[in-house]
Structures are given as structure tokens and as C-alpha cells.
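Asker: Provided herewith is a single structure, encoded as C-alpha cells, for subsequent inquiry.
The values are calculated or read from the model by the stated rules, or taken from the named source; none is laboratory data. What you are looking at is a predicted structure, and each value in this text was computed from that prediction instead of being measured. Glycine gets a Cβ as well: all are built from the backbone with ideal geometry, and neighbour counts include every protein chain shown. Remember, those area values only see protein heavy atoms, side chains included, never the ligands or the DNA or RNA. Shrake-Rupley method; radii C 1.70, N 1.55, O 1.52, S 1.80 Å.
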Amino acid sequence: MPPVDDPNDELERTAHLGDRARPRQAHGPRLIVVDGASRGKVVDLKTDEVVVGRKDDCGLVLDSPAVSKRHAVVRRNSGGCEIEDLRSTNGVRVNGRPLPIAGASALCHGDLVEISDHRLLFLDERDALHPDTLGAGLDRAKIAADADDLFRLLKG
């Protein structure tokens, strides 16, 4: 049996290169609440579906009376992720465009989802390798400012 490479050996050989030497691992799909009462929440979309709503049993709980108990669902499928409005009272918007009631929309890295007074940023760094998949029609300067605010919030 050939010897197993020790990952520490590689780190020692490349320590002088700093972070550039370490391969960056892409995160899977996730939602980050960037605005609203639940700001700062991060949900990794590891299961086939995550329900978003105000009920405690939802995968992502948004604390607002304007959010339906079961407002929307994010589903993983072979092509990526999609979001569906679960016949909510106040609807769902993706990149400023309203979803039809009980209608679904594919999500791409960088899409901004609006549910009531909450804004959620959808990230899937696996898609980020392909610039054509970045959400269309976004105010990228606003997203960058929101991301900076979020990082400051998470750092404390």
C-alpha cells in the first residue's frame, strides 16, 4: 500500500505563500438574510428543501408578522436550486421581479430574494465559477455594501 500523504506536509511546504497556497473550497448553496429583523441568519441548503416562514418549524424562520407561516420553499434539484411561493399573502420577489403565486423560479449565485421586509442573498459558490450564472439585473454595488455590512455584523 502506498504511503498516505500528510496534509500537514503540504501546508509546511507552502506556508511562505500564505492563503494563496491553500485551495479555496467552494461552499454549497446557502441563504444569507441581509436585511430585516432576522438579519445575519445563514442557512446552508443541505437538504432537498428548506421552508421559509414565520413558524418555528421552518428551516429558515423570519421574524415578522408580514411573513406567512409557510411563505416559500427552496428546493435543491439536479440543476441547482429553485424557490417557490407557497401561496403567501405578501408574495416573493427575486431580483425585484414578483414570483407568480405557487410559481417557482430558478436561483443563481448572487440572486436577491425579497420576502416581506426581509432580503435574502442566495449564494452558491460552485456557480460563481461561471460568471454567466450571476443573477441578472442586480444592483451589484448595493449587494457589495450589504455584504460588507453583513461581514461586520458577523465579526461582532
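Asker: Summing Lys, Arg as +1 and Asp, Glu as -1, what charge do residues with Cβ under 9 Å from the Cβ of Leu99 carry, Leu99 excluded?
Answerer: 0
Asker: Provide the gained length on full extension for the span Asp56 to Arg87, in nm with one decimal, where the gain is 0.36 nm per separating residue minus the Cα-Cα distance.
Answerer: Full extension from Asp56 to Arg87 adds 9.3 nm.
Asker: Let me ask something else about it. Would you work out the relative contact order for the stretch 44-97, in percent, from Cα pairs under 8 angstrom that are 6 or more residues apart?
Answerer: 28
Asker: How do the peptides 103-110, 56-63 rank, highest first, by the average count of neighbouring beta carbon atoms within 10 Å per residue?
Answerer: In decreasing order of mean packing, 103-110, 56-63 become 103-110, 56-63.
Asker: So how much accessible area does Glu84 have, in Å² to the nearest 10, using a 1.4 Å probe?
Answerer: For Glu84, solvent-accessible area is about 40 Å².
Asker: Can I ask one more? Please work out how much length the chain gains when fully extended from Ala147 to Asp117, using 0.36 nm per residue of separation minus the C-alpha to C-alpha distance, in nm with one decimal.
Answerer: 9.0 nm is the gain from fully extending Ala147 to Asp117.
Asker: So if I take the alpha carbon set of the stretch 37-115, get Rg, then get Rh from the Kirkwood formula, what is the Rg over Rh ratio?
Answerer: 0.92
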